[in-house]
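What follows is one structure encoded as structure tokens, with my remarks underneath.
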Amino acid sequence: MSRTKIASGGIEITDFCNLNCLHCYIGENKNPIHIDLNKILYIIDEFIKYKADYVVISGGEPFMHPNIDEIIDIIGVKYSDVPFIITTNGSFLNRYYIDKIKKYENIQIQISLDGATKEIHEQQHGRDTFDNIYRMLEYLKDVKRERKIIRMTVSKINYKDCVKVAELSDHFNTDISYSYVCKVGRANENWDKLKMSLAQQMYVNEEIKKYSRKTNRDITPPQSVLTCPFESYEHIFGATVHTNGDVDICTCLDGKYVAGNIFNNEFSEILNSTTIDILTKKILERKEKLKLSECKDCVINFKCQQGCIGRATYLGDEFGLDDQCNYRKALMFKNYYMRLNRKGVKHD
């Protein structure tokens, strides 16, 4: 079956970044470059041609790209019927850029905020990064909630701030999303500072759910990965284009499965790359191996489906268990006992 669609498209328009965040999934790049504006527009055209539901503009720090002014105007006018997300660490945001983005209903801005206070946020991001984010979120208050989002990467450093950041999202009238830090890129180098215990993960899950119920907001805690979507040969995936043109199919795989290069290959070739089929075959082999070994007697084996090959890979064995095994078990047992309680069933 030939793939003719992608779920989403991402473009890392620049490698340049002014920060060295501890948790960044992109490692150090000693020779950073910007993608030429015409090449960016070509990539967007390819994404649209293959029916991407939305396009993410990221980096590096996208507001360091020399053509970011033009990029905002072009995606707001030429591609006005396509949803775009611009991600940013907030350092270069100012009223000029925000006023420009406000004009275009199809652009959402995603701002990294990893603590409710200057002290906590800057432990993960670095000095002098909090105050401007706070000012710009205040300036964005009058923009519709769904056009702006706070993104929090939860780690051992900031997990106790998960609800406080949600409270800030209420104050600033923004959406919010969470993810647990992944051991890739710079995070791998700082893992001792970032790695969370199971108890800390469960604390985050429970506190966010309580806050969601209390405020009647649909806020989702960081998710555990039950299985990999690439286990299906027909999977429609999101494609991320790096500055050199390489097309990565999953950030958790840390560049180990590149489907092709958008500047050298037709996008139809990339969509139907043998690299994707090789990955799918490995995922299915991994699942069968684990079912007969480590997962054989696990009580949640029927539902878990062996998690994420990417997260297993950065633990050192792509055919082994991933780093969310115990978190999945804890969540499933917790949900099971909650259902029993609602039914009035007694249990030990």
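The values are calculated or read from the model by the stated rules, or taken from the named source; none is laboratory data. These numbers were taken from a predicted model, which means no experiment stands behind them. We place every Cβ from the backbone using ideal geometry, glycine too, and count neighbours over all the protein chains shown. Calculation scope for accessible area: heavy atoms of the full protein, side chains included, ligands and nucleic acids excluded. Shrake-Rupley method; radii C 1.70, N 1.55, O 1.52, S 1.80 Å.
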Between F263 and N20, the two model label points (7 Å from Cα along the beta-carbon direction) sit apart by a distance in nm of 2.7 nm
With every protein chain in place, the accessible area of K160 for a 1.4 Å probe, in Å² rounded to the nearest 10, comes to 130 Å²
Put D218, D322 in order of accessible area, largest first, probe 1.4 Å, and you get D218, D322
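Work out, step by step, the length gained on full extension between N94 and F319: first 0.36 nm times the residue separation, then minus their alpha carbon distance; give nm to one decimal. Numbers along the way, then the final one.
Working: separation 225, 0.36 × 225 = 81.00 nm, distance 4.61 nm.
Extending this stretch completely gives an extra 76.4 nm.
If the only charges are +1 at each Lys and Arg Cβ and -1 at each Asp and Glu Cβ, what is the size of the charge dipole of the chain around the Cα centre, to the nearest 20 debye? If you can, show how the numbers build up before the last one.
Details: 49 positive and 48 negative charges, 345 e Å.
It comes to approximately 1660 debye.
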Quick calc: nm separation of the 7 Å Cα→Cβ label points for K156 and N301 -> 3.2 nm
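Wrap a convex hull around the Cα atoms of the chain, take a quarter of its surface area, and give that in square nanometres.
Details: hull surface 75.0 nm².
Over all viewing directions, the chain projects a mean Cα-hull area of 18.7 nm².
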Residue-ordered couplings for segment 175-188, obtained by feeding phi - 60° into the Karplus form 6.51 cos²θ - 1.76 cosθ + 1.60 and rounding to whole Hz (Gly and Pro as x), are 6, 9, 9, 10, 8, 7, 4, 9, 7, 10, x, 5, 4, 4
For D192, placing the label point 7 angstrom along Cα-to-beta-carbon and taking segment 121-163, residues whose amide nitrogen sits under 17 Å are 156-157
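Mind checking the dipole of segment 1-137: about its Cα centre, +1 per Lys or Arg Cβ, -1 per Asp or Glu Cβ, Debye to the nearest 20?
Charge dipole of segment 1-137: 320 debye, to the nearest 20.
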The relative contact order of segment 124-179, taking Cα pairs under 8 Å that sit 6 or more residues apart, comes to a percentage of 45 percent
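Subtracting the Cα-Cα distance from 0.36 nm times the residue separation, let me have the gained length for L292 to R145 in nm, one decimal.
Values: separation 147, 0.36 × 147 = 52.92 nm, distance 4.75 nm.
Result: 48.2 nm gained on full extension.
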Mean-square fluctuation maximum in Gaussian network of the chain, Cα pairs under 10 Å, restricted to L22, L37, L194, hits L37
Given backbone amide H placed at 1.01 Å from N, residues whose amide H is under 5 Å from that of Q108, ignoring those fewer than 5 places away on the same chain, are F84, I85, I86
Per the charge dipole of the chain (beta-carbon charges, Lys/Arg positive, Asp/Glu negative, Cα centre), the residue among N244, F84, L113 reaching farthest to the positive end is L113
Most fluctuating of R311, R145, R213 in the GNM of the chain (C-alpha, under 10 Å) is R213
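Carbon and sulfur together cover what percent of the accessible area of the chain at a 1.4 Å probe radius? Working shown, then result.
Numbers: 8390 of 16700 Å².
For the chain, the apolar C and S fraction of the accessible surface comes to 50 percent.
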Whole-Hz Karplus couplings 3J(HN,Hα) for segment 28-34, θ = phi - 60° and coefficients 6.51, -1.76, 1.60, Gly and Pro as x, run 5, 10, 7, 10, x, 9, 9
Taking N as the residue count of segment 87-186, its alpha carbon Rg divided by 2.2 N^0.38 Å gives 1.03
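Starting from the Cα-Cα distance between T275 and Y134, subtract it from 0.36 nm times their residue separation and give me the gain in nm to one decimal.
Working: separation 141, 0.36 × 141 = 50.76 nm, distance 4.28 nm.
Extra length from T275 to Y134 when fully extended: 46.5 nm.
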Length-normalised contact order of segment 90-155, Cα under 8 Å, at least 6 apart, in percent, tallies to 46 percent
Expected max-MSF residue from E167, E70, E207 in the GNM of the chain (alpha carbon, under 10 Å) is E70
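How big is the dipole moment of segment 114-230 about its Cα centre under a simple scheme where the beta carbon of each Lys and Arg is +1, that of each Asp and Glu is -1, and everything else is neutral? Debye, nearest 20, please.
On the way: 21 positive and 17 negative charges, 46 e Å.
Dipole magnitude for segment 114-230 comes out near 220 debye.
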Taking R0 as 41 Å and r as the Cβ-Cβ distance between S177 and E285, the FRET efficiency 1/(1 + (r/R0)^6), rounded to the nearest 0.05, comes to 0.80
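Could you grab the relative contact order for the chain? Cα pairs under 8 Å, six or more apart, rounded to a whole percent. Walk me through the intermediate numbers first.
Working: 597 pairs, mean separation 58.0, N = 348.
Rounded, it is 17 percent for the chain.
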What helix-only [θ] at 222 nm does the chain give? Using -39500 (n - 2.57) per DSSP H run of at least 4, over all residues, to the nearest 500, the answer is -11500 deg cm²/dmol
Probe 1.4 Å, all chains present, heavy atoms only: H34 accessible area in Å², nearest 10, is 70 Å²
